[in-house]
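Chemist: Before anything else, here's the structure in question.
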Amino acid sequence: MEFMNTVLIIGSGGREHALLKALLRSDRPLCMYAYPGNPGMERDGCTIVDKVADWAELADWVEANEIDLTVVGPEIPLVEGIVDIFNRRGRCIFGPTKAAARIEGSKAFAKNLMKKYEIPTAPFEVFTEKKKALDYLSRRGAPVVVKVSGLAAGKGAMVCDTMAAAKEAMADIFDKKSFGEAGAQVVLEEKLTGEEASVFVLTDGRNYKVLPVAQDHKAIFDGDRGPNTGGMGAYAPAPLVDHAMLKRIESEIVVPTLRAMEQENARYRGLLYCGIMVTDEGPKVVEFNCRFGDPETQAVLPLVECDWYEVFAACAAGRLDEIGDIGWTVRPGYCVDVVLASKGYPGAYEKGKMISGLDEAEHSKSNRDVYHSGTALDPEGRFITNGGRVVGVSAWAETLADAIGIAYEGVAKIDFQGKTFRKDIGAKGLARLKKAKIQQPV
Ligand code: AMP
Ligand code: GLY
C-alpha cells in the first residue's frame, strides 16, 4: 500500500475548507484531520478531532497519532504560540512562531518594524494614554485612522474622517474599554488613499513565493458601502497589481520585511499576508497578517496547482528553495469567490436556517467549489446555517467575466432564509480590465 501522509488543519472557516480542498487536489495520498473543522470539511473526508483543553493537549494528540504536518488557519493559535509548542515537540507545523506572529498580533510592533527598516506605510504614533493621544489628534486633525494594537477580529481599525469620529473611537477604546486588553496600545495613523490588494507570500523566512494577488470586498453592501465584515468575497488575480507593481511590492516590502524579521530574531515561516494600499506614491502596507486571508484564500488557491503538502512542509522546514518551479503552476485565468451570509451580519443574525442547493452548486460544474464557513448539521443530517458567513462559492475560468458569471450561477442554486450576498464581487477588476483595453493604442 502506498504511504499515506497525515495532515491536521486547525480552524473552521471557508479558508480552512479551501486549504483542505487544495491539499486534496494533489496526487499525494493524504489522511486529513481538522480541529475544530466544519461539517463541509467532514463531508470531504476530514476526521474531526475531539475538543482539547489547550494547544499542548493538541500537541499530545498530534504526537500520539503521528501527524506529519499541521497547517494553522487562524491568527489566534499563532499569536498564542502554537508553533513554538509544536516545534519543541519536533512536530512539523506550518505557520510563524509567537515572536514572528507579532506582525499581526501587535500593530505597534508591526508599525515600529516598518519604521525601523523603512518599509513604506502610513506615518503613525503609538499611544498608551488617552490624553497624549488626544493631544496628538488635535495637532494632526482629521482624517485619521485609529487602531487598537492587539487582535480585534478585524474590527480594530476605525477610519475617522472627522475629529468627532476620532474622539468617539478613542472613548470606545480608552473609556468603554470595548476592545479590552487589545486596546492597551493605540496606533494613530495617516489615512491612505488608493485601492487595496491582498498579497500572500509563502515563505520559509528567506525564500518566498508570491501567490496570485487578490482583492477582498470588506463592506457588507455593494459599492463598498456599509459596515465592514470579515470579507464578502474576493477575486484573483487583481489587475490593480500589474507585473511592475508586484515587483515593487516584492522589492520594497516583501524582501525587506523578511530580512527585518530575521534581524529581529523572529525569522518568519508560514504565510505572510501583506495588506497593501496602492497609492499614487506607490505601494504602502496597511496591515500585515500572520496567516491566509478569508475569503481571499478561496479565490487564490484554486489558481495554483502544486503539491501543497510539500510546499507547506518545505516552508516549515526552511527549504522552500528546493521546491523550485517544478510542481508549481499558476493557472491562467481568474477565480472569484462570493460569500453568502446570514441576514443581519455583521450585526446580530439568526442561525439554524435550512440550506438547500449545496450539492447542485458544487457538482454541476467542474470549475466551481463550495466552501463551508458557518454551517452545522441538524439531527437529520441536513445542512443548516450556523454563522454570519455561511458558505462561499468559488469559480474559475479563462476570463474574469466568465468566472463571475459561473460563481453567481452557483450562488443562485443555494438558498436559505435571509441569504445575503454582494452582487458586485469582481466588478472593480472588470472595470479596470475594460479601461486598460480602451487605453491600449489601436
Ligand atoms: P487593519 O485592521 O489595519 O487591517 O485595517 C482594516 C481596514 O481599515 C483596512 O483593510 C483598510 O480598509 C482600512 N485602513 C486601515 N488603515 C488604513 C489607512 N492608514 N488608511 C486608509 N484605510 C485604512
Ligand atoms: N479578508 C481579510 C482577512 O482575512 O483579514
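Chemist: Between their Cα atoms, which of Lys98/Lys132; Lys21/Lys365; Lys176/Lys351; Lys115/Lys209 are more than 27 Å away from each other?
Modeler: From the list (Lys98/Lys132; Lys21/Lys365; Lys176/Lys351; Lys115/Lys209), the Cα-Cα distance tops 27 Å for Lys98/Lys132; Lys176/Lys351.
Chemist: I've got another one for you. Please arrange Lys147, Lys343 by how many other C-beta atoms lie within 10 Å of their C-beta, fewest to most.
Modeler: Ranking Lys147, Lys343 by Cβ neighbours within 10 Å, fewest first, gives Lys343, Lys147.
Chemist: Give a residue-ordered list of calculated ³J(HN,Hα) values for the stretch 264-272 (Karplus: 6.51 cos²θ - 1.76 cosθ + 1.60, θ = phi - 60°; whole Hz; x for Gly, Pro).
Modeler: Running phi through 6.51 cos²θ - 1.76 cosθ + 1.60 with θ = phi - 60° gives 8, 6, 9, 3, 9, 10, x, 10, 9 Hz.
Chemist: Still on this structure, please answer the following. Return the long-range amide H neighbours of Ile93 (sequence gap of 5 or more, or a different chain), with a cut-off of under 5 Å between placed amide H atoms.
Modeler: Thr70
Chemist: Also: What's the center-to-center distance, using Cα atoms, between the stretch 210-246 and the stretch 36-74 in Å?
Modeler: Taking the Cα centre of the stretch 36-74 as reference, the centre of the stretch 210-246 is 30 Å away.
Chemist: Let me ask something additional. Once the Cα atoms of the stretch 258-369 are picked out, what are the Rg and Dmax in Å?
Modeler: 18.7, 52
Chemist: What residues have an amide H closer than 5 Å to that of Arg331, excluding those fewer than 5 places away on the same chain, when H is modeled at 1.01 Å from N in the peptide plane?
Modeler: Val304, Glu305
Chemist: Would you mind checking which residues have amide H under 5 Å from Thr47's amide H? H placed 1.01 Å from N; only 5 or more apart, or other chain.
Modeler: So Thr47 has HN proximity to Met32, Tyr33, Ala34.
Chemist: Still on this structure: What is the sum of charges, Lys and Arg at +1 and Asp and Glu at -1, for the other residues whose Cβ falls under 11 Å from the Cβ of Phe312?
Modeler: That works out to -3.
Chemist: Which one, Gly223, Gly81, Gly318, has the greatest fluctuation when you compute a Gaussian network model over the chain with C-alpha springs under 10 angstrom?
Modeler: Of the options given, Gly223 has the highest mean-square fluctuation.
Chemist: Okay, next question. Show me the ranking of peptides 381-392, 274-285 by mean Cβ neighbours inside 10 Å, starting with the highest.
Modeler: Working: 381-392: 22.2, 274-285: 18.6.
Listed from highest to lowest mean packing, they are 381-392, 274-285.
Chemist: Taking the Cα centre of the chain as origin, sum charge times position over the Cβ atoms of Lys and Arg (+1) and Asp and Glu (-1), and report the length of that vector in debye to the nearest 20.
Modeler: The calculation lands at about 1320 debye.
Chemist: A follow-up question, please. How large is ³J(HN,Hα), in whole Hz, for each residue of the stretch 132-139 in order, when computed from phi with the Karplus curve 6.51 cos²θ - 1.76 cosθ + 1.60 and θ = phi - 60°, using x for Gly and Pro?
Modeler: After applying 6.51 cos²θ - 1.76 cosθ + 1.60, I find 5, 5, 5, 4, 4, 4, 5, 6 Hz.
Chemist: Say we join alpha carbon atoms closer than 10 Å with springs in a Gaussian network model of the chain; which of Ala260, Ala165, Ala348 then has the biggest fluctuation?
Modeler: Looking only at Ala260, Ala165, Ala348, the biggest GNM fluctuation is shown by Ala348.
Chemist: If packing is taken as the mean number of other Cβ atoms within 10 Å per residue, what is the order of 245-257, 353-365, highest first?
Modeler: Numbers: 245-257: 17.7, 353-365: 16.2.
Taking the mean over residues of other Cβ atoms within 10 Å, the ranking is 245-257, 353-365.
Chemist: Bin width 10 Å, origin at 0, all Cα-Cα pairs of the stretch 311-442: what percent of pairs per bin?
Modeler: The distribution over the stretch 311-442 is 12, 31, 26, 22, 9, 1, 0, given as percents.
Chemist: Give me D for the chain in µm² s⁻¹, whole number, from Stokes-Einstein with Rh from the Kirkwood sum over alpha-carbon pairs, 4 °C and 1.567 mPa s.
Modeler: So the translational diffusion coefficient is about 58 µm²/s.
Chemist: Something else about it: Which of Leu430, Leu19, Leu340 moves most in a GNM of the chain, Cα contacts under 10 Å?
Modeler: Of Leu430, Leu19, Leu340, the Gaussian network model singles out Leu430 as fluctuating most.
Chemist: Okay, moving on. Would you mind ranking Thr6, Thr162 by Cβ crowding within 10 Å, fewest neighbours first?
Modeler: Fewest to most other Cβ atoms nearby, the residues stand as Thr162, Thr6.
Chemist: Shifting gears a bit: Under a Cβ-Cβ cut-off of 11 Å, what is the net charge of the residues other than Pro123 that fall near it, where Lys and Arg count +1 and Asp and Glu count -1?
Modeler: So the environment of Pro123 carries a net charge of +2.
Coordinate-derived values only; no laboratory data. Note that the structure is a prediction, hence the values are computed from the model and not measured. Don't worry about glycine lacking a Cβ; one is built from the backbone with ideal geometry, like all the others, and counts go over all protein chains shown.
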